[in-house]
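Here's the structure, in structure tokens; my notes come after.
The values are calculated or read from the model by the stated rules, or taken from the named source; none is laboratory data. Because the structure is a prediction, the values reported are computed rather than measured. Please note: Cβ atoms are built from the backbone with ideal geometry, for glycine as well, and neighbour counts cover all protein chains shown. Accessible surface is based on the protein model in full, side chains and every heavy atom, while ligands, DNA and RNA are left aside. Shrake-Rupley method; radii C 1.70, N 1.55, O 1.52, S 1.80 Å.
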Amino acid sequence: MTDSVPDGAEVSPSLGDGVPERLQRRVDELFREHGVHSVTPADATRVARLLLDSLVADAAMGRPRALDLLSVDALVTRAIEVCASDPDSLEEEIARSIRELRGGERA
């Protein structure tokens, strides 16, 4: 977890009400696949980046991978939502998430 995240902030594995069950199951599966048990915003963004990398590498991406693309969006959105409770950290968390999604580039 980065210093920008509110103390003790974790991302609930639940994406919230109204989220399709299939999307929730895919996100849960991704956390398990990557050994994430106590989910922080940094963990959610890292898992999103790993999934995005696999999508970019898949030249045959298409409709079957649409759920994975939705999962990337849901993971990053959820990570940023957690930080929204601390406005002082929100801008830094967004910048950190963008760097992570770029593959760890430093801005």
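A few notes on this one:
- Matching residues, region 39-74, being open to solvent by 40 Å² or more (accessible area, probe 1.4 Å) and closer than 18 Å to Ser97 by Cα: Arg46, Arg49, Leu50, Leu52, Asp53, Ser54, Val56, Leu69, Leu70, Asp73
- Residues that are open to solvent by less than 50 Å² (accessible area, probe 1.4 Å) and at pLDDT below 80, drawn from region 75-85: Val82, Cys83
- When region 10-42 is filtered for residues that are among the charged types (D, E, K, R), assigned to a helix (DSSP H, G or I) and in contact (Cβ under 8 Å) with a residue 40 or more places away in the chain, the ones remaining, listed by number, are Arg22, Arg26.
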